[in-house]
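The values are calculated or read from the model by the stated rules, or taken from the named source; none is laboratory data. Keep in mind it's a predicted model, so treat the numbers as computed, not measured. Methodologically, a virtual Cβ is constructed for each residue, glycine included, from the backbone with ideal geometry; neighbour enumeration extends over all protein chains shown. These area figures cover heavy atoms from the full protein model, side chains too; ligands, DNA and RNA do not enter into them. Shrake-Rupley method; radii C 1.70, N 1.55, O 1.52, S 1.80 Å.
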Amino acid sequence: MRRSIFAACACTIAVVGLGAVPGTSSAAVSGQDVTFMNSAHQGNMAEIAAGADAQRHGGSSCVKEVGAMLVRDHEKLDAALSDLAERGGRHPGGRRHA
């Protein structure tokens, strides 16, 4: 599970990084891109909720610190993903806007 979380984060960072390369931000957003962004967003929301739960109900300071880290890191990843979606003419939920 931990490996899949890191893989998803690495993929999100790679996709966000591609949007920063000159000349690539004007590329059309494919259906696969939208599917990936929606899946990554849902994953981030789940990790944020799990982190918040760990902060509230953790039995040790270590668990509460990991919960805070999950919230902080996945909020940052989701903000970057939302910026990328907006640059591609999409809302974070995958809908196109004018």
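Using the beta-carbon distance between Arg56 and Ser30 and R0 = 30 Å, what value does 1/(1 + (r/R0)^6) give for FRET efficiency, to the nearest 0.05? Please report the intermediate quantities before stating the final value.
On the way: r = 39 Å, r/R0 = 1.30.
For Arg56 and Ser30, the calculated efficiency is 0.15.
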Rounded percent of accessible protein surface that carbon and sulfur make up, region 24-64, 1.4 Å probe = 57 percent
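Ranked by accessible surface with a 1.4 Å probe, highest first, in what order do Glu47, Glu86 come?
Glu86, Glu47
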